[in-house]
1. Exactly one of (1) modelled with pLDDT of 90 or more; (2) within 24 Å of the chain's Cα centre (by Cα) is unmet by Arg281. Its number?
2. With (1) among the polar types (S, T, N, Q); (2) within 24 Å of Glu127 (Cβ to Cβ); (3) at pLDDT 90 or above as the list, and Ser181 as the residue in question, which single condition is left unmet?
3. Counting only residues that are modelled with pLDDT under 90 and among the small types (Gly, Ala, Ser), which one in the range 145-174 is least open to solvent (accessible area, probe 1.4 Å)?
4. Do the conditions hold for Ala101, that is, is it among the aliphatic types (A, V, I, L, M), farther than 24 Å from Ile65 by Cα, outside any strand (DSSP E or B) and out of contact with any strand residue (DSSP E or B) (no Cβ under 9 Å at 6 or more places or on another chain)?
5. State which residue is most open to solvent (accessible area, probe 1.4 Å) when the search covers only the range 354-383 and only residues that are in a helix (DSSP H, G or I) and at pLDDT below 70.
6. In the range 108-166, how many are part of a strand (DSSP E or B), β-branched (Val, Ile, Thr) and closer than 21 Å to Val88 by Cβ?
7. More than 30 Å from Lys239 (Cα to Cα) and modelled with pLDDT of 75 or more: which single residue out of Pro351, Pro276 fits that description?
8. Would it be correct to say that Ala177 is under 24 Å from Thr268 (Cβ atoms), in contact (Cβ under 8 Å) with a residue 12 or more places away in the chain and in contact with a helix residue (DSSP H, G or I) (Cβ under 8 Å, 6 or more places away or on another chain)?
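The values are calculated or read from the model by the stated rules, or taken from the named source; none is laboratory data. Keep in mind that what you see is a predicted model, and the values were worked out from it rather than measured. No Cβ is skipped: glycine too gets one built from the backbone with ideal geometry, and neighbour counts run over all protein chains shown. Keep in mind that these areas ignore ligands, DNA and RNA; they rest on the heavy atoms of the full protein, side chains included. Shrake-Rupley method; radii C 1.70, N 1.55, O 1.52, S 1.80 Å.
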Amino acid sequence: MAEQDRGQQRWPDGGSGRALSRAWTAPVRAVSRMLNSADPPPAPQPAPEPPRSGIVDCALYIEGIRQPGSWQHPEALATARRERNAFVWLGLHEPSLAEMAGIADTYGLHELAVEDAVKAEQRPKLEQFGEVNFLVLRTARYVDHEKLTGDSEVVETGQVMLFIGHAFVISVRHGDACRLSPVRADLERNRDLMVQGPWAVAYAVTDRVVDLYLEVTDRVEADLDTVEADVFSPEANDKVHEIYQLKRELVEFKRTVAPLQRPMMTLTAEINEDVPVEIRRYFRDVQDHLSRVVEQINGYDDLLNSILQARLAQVTVAQNNDMRKIAAWAGIAAVWTALAGIYGMNFEFMPETDWTFGYPIVLALMLGISLVLYRSFRRNGWL
């Protein structure tokens, strides 16, 4: 009985401590439930956004005519392979690697070309993977600016890749330097050209890219004229930064244009049986325009080098003029320094130290010699 009393201590009211604890905790739990029920419900989490699709347009063309309706690219390709003189044009804008991999499985694209199309860091080139030709173009667009400064962007670049197969053409665009929707619209109005198939699309895209090159060269020429006029004007300030910035932009433009000459030679070669004969004639016209652009860029580069050298020569001449002026004024000041130094040595036996007019005579001598030197320097163009 004593052990039971020790195990369960009695309180003054005769109850046990456990019963009293339950009596106190029950109201606390009730209040906690009331407070928790008063809390606002958690805000709903926003639904995750669906992944962005890189497909801009997918169209099926039969006999040069776009077929109505909205097409999924696997269905469009299957239909094009069943029909005669039909092909699919699938337009992509900065697709992801996963999306591009799915398209590659459907169209049978090589993994190396797919990787290049996603990274968009390639030089212009033309490669062949089995029956699929892979054409890489670099695009360029002139950036408008009120005034050329040391950090102005003059040329914006991007890339367009083309997968050209038997019954399809896939265009992959990176950047906004060259939009392809106007090219598609123009081609759809030209059925005679569209009948030529996927290579007609390749020609139209290449022609649009090179036309933008021509536009850039014309606009850059205006900037060159402005820089040249500013450098050789009498009020010319420091224009070295502007000249160097324009030269950097021109070098970037040259990297975009010049490597395209080799792919164009391959596309226009007679031994290239992949390109239809009629389309080859169109590519030759594009090649002529490209050669004109390359010649203009080389000329602009030489002109910019001449302008930069002329500006540096102007700076050197201005510095020489400043040094001559400094040297002339230093020679004039040396007369005053020499005479003042001699008569400031405080020797006891010095000529003319006892003259009453010795001080004004020495000042007049200093001033006279200075005037003679000043006129001599002015006559020689030093001052």
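1. (2)
2. (2) is the only condition that Ser181 fails.
3. Ser152
4. yes
5. Top of the filtered list is Tyr359.
6. Summing the residues that are part of a strand (DSSP E or B), β-branched (Val, Ile, Thr) and closer than 21 Å to Val88 by Cβ in the range 108-166 gives 4.
7. Only one candidate passes the filter, namely Pro276.
8. For Ala177, the condition - under 24 Å from Thr268 (Cβ atoms), in contact (Cβ under 8 Å) with a residue 12 or more places away in the chain and in contact with a helix residue (DSSP H, G or I) (Cβ under 8 Å, 6 or more places away or on another chain) - is not met.
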